[in-house]
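Please treat every number below as a calculation from the coordinates, not as lab data. As the structure is a prediction and not an experimental result, all values here were calculated from the model. Quick reminder, even Gly has a Cβ in these numbers, built from the backbone with ideal geometry, and neighbours come from all protein chains shown.
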């Protein structure tokens, strides 16, 4: 892994990580390894992790097709921090293993790992540099409310469940300010 450049792209929820990742993929043809995709894979129908979740929370955590009721799980984990930690303890090792496998199997010299909880999940050891994308809290709230159809209270709870952006910025190698529009963001990335 040491001969590769591995960018750990992180930031707060709804700050622009996907926009940055999409730009890096399209403009520079960089492979994007998205922790959120692996986290969704971890809870596919019939997976041991989904079975553990259903055993703990009961059948109401599943939809009719036996898939995870993400809205119901979100209500639980965003209102009960100890439950969020339980779920993260189930999913983070799976995500970490998938990232390690993808890094090892890739022949590309530069990879981008999009990991919203890079610090929280203890995955910083897998990357050679950390990029943090941020925007001010009002923009973050507005984007999150619009994107996820949330009330301001629901959006606040989700933002507050993550490490403060200031702490992430303090640990970053590259800081991308997403307050001034998309072209400004692209200029910073270049």
| Relative to the longest principal Cα axis of the chain, at what angle does helix 70-79 sit, 0 to 90 degrees, rounded to 10? | 80 degrees
| field | Under the Debye formula (equal points on every Cα, no solvent term), log10 I(q)/I(0) of the stretch 1-109 at q = 0.14 Å⁻¹ | value | -0.69
| query | What's the center-to-center distance, using Cα atoms, between the stretch 110-129 and the stretch 138-169 in Å? | reply | 20 Å
| request: Could you sort 146-153, 124-131 so that the peptide with the highest average Cβ count within 10 Å comes first and the rest follow in order? | output: 124-131, 146-153
| Nearest 10 degrees, 0 to 90: what angle lies between the long axis of helix 137-148 and the longest principal axis of the chain (Cα atoms)? | 50 degrees
| note | Shape descriptors of the chain over alpha-carbon atoms, Rg and Dmax in angstrom, are 17.0, 49
